[in-house]
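Below you'll find the structure, written out as structure tokens, and then a few comments.
Laboratory data are not the source of any read-out in this text; all were calculated from the coordinates shown. All figures in this text were calculated on a predicted structure; none of them were measured in a lab. Quick reminder, even Gly has a Cβ in these numbers, built from the backbone with ideal geometry, and neighbours come from all protein chains shown.
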Amino acid sequence: MDITHRLLVIVGSVREGRFGPTVADWFTARAEAHGAFTVEVADLAGVTLPLELPAVSPKYAGDAYPRPAGMAPLTAALERADAFVIVTPEYNHSYPAALKAAIDWHFTHWTAKPVAFVSYGGAAGGRHAVLHLENVLTELHAVTIRDGLAFPAYYTNWRDGSPLDPQAGEYATALLDQLAWWAAALRTARAATPYPGS
Ligand SMILES: Cc1cc2nc3c(=O)[nH]c(=O)nc-3n(C[C@H](O)[C@H](O)[C@H](O)COP(=O)(O)O)c2cc1C
């Protein structure tokens, strides 16, 4: 029986010269090695993400919500995922605008699915961004995972594509263990009973 869960790793930074893909590549390799997941990556830098939203609400439009063609691969990946990891930097004590747009263009795609966070930045390691994401994703009926990975001062604490902290791999495993547990529990629950909310 296939017991792997479909994990979508979302790269939230689209900035020119961004560090995000370094963090995402390192984490994705750990997720692939973990064993509980088949892993896909959605890099928002390759997604059409207008800031102007349609007049109609995604809550009521359902599949008819008029998304741009360049968003379709992201929408399909969000739909088939059983779990998410968002890789985010911290911009002005929050998360990047592209990530907010990606969230706002979707609706039911997050419902009753677990989301974990890998963040990086200055002194706080992106934790302010994660606090905001937890708040927003709870509104969308996602389940946020307690154990995250936060990389403070990434500019001195990473070398050759890896964090210098020798415990980073263990923290990644703890996050992935919790994410797999929730992915299994929520997948079973979604299949058994329609989620009573939207
Ligand atoms: C607009 C902007 C605001 C930023 N604000 C913060 C901040 O509040 N806290 C922080 O730790 N780093 C902040 N930074 C520094 C980022 O953590 C750093 O630039 C990081 O490389 C951003 O990730 P990226 O390279 O993947 O875009 C900011 C960077 C930008 C571009």
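Results for (1) away from the ligand (no atom under 16 Å from the Cβ); (2) farther than 21 Å from His5 by Cα; (3) in contact (Cβ under 8 Å) with a residue 12 or more places away in the chain, shown as yes or no for each residue.
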{"site": "Ala101", "(1), (2), (3)": "no, yes, yes"}
{"site": "Lys113", "(1), (2), (3)": "yes, no, yes"}
{"site": "Gln167", "(1), (2), (3)": "yes, yes, no"}
{"site": "Ala189", "(1), (2), (3)": "yes, no, yes"}
Checking Thr108 against (1) surrounded by fewer than 19 Cβ atoms within 10 Å (Cβ to Cβ); (2) closer than 28 Å to Ala55 by Cβ; (3) within 14 Å of the ligand (Cβ to nearest atom), the condition it does not meet: (3)
Residues satisfying the stated conditions in the range 78-90, i.e. surrounded by fewer than 18 Cβ atoms within 10 Å (Cβ to Cβ) and closer than 21 Å to Glu139 by Cβ: Glu79
Which ones in the range 7-37 are away from the ligand (no atom under 12 Å from the Cβ) and loosely packed, with under 14 Cβ neighbours inside 10 Å? Glu32, Ala33, Gly35
Which of the residues belonging to the range 136-153 are assigned to a helix (DSSP H, G or I) and under 14 Å from the mean Cα position of the chain (by Cα)? Val136, Leu137, Thr138
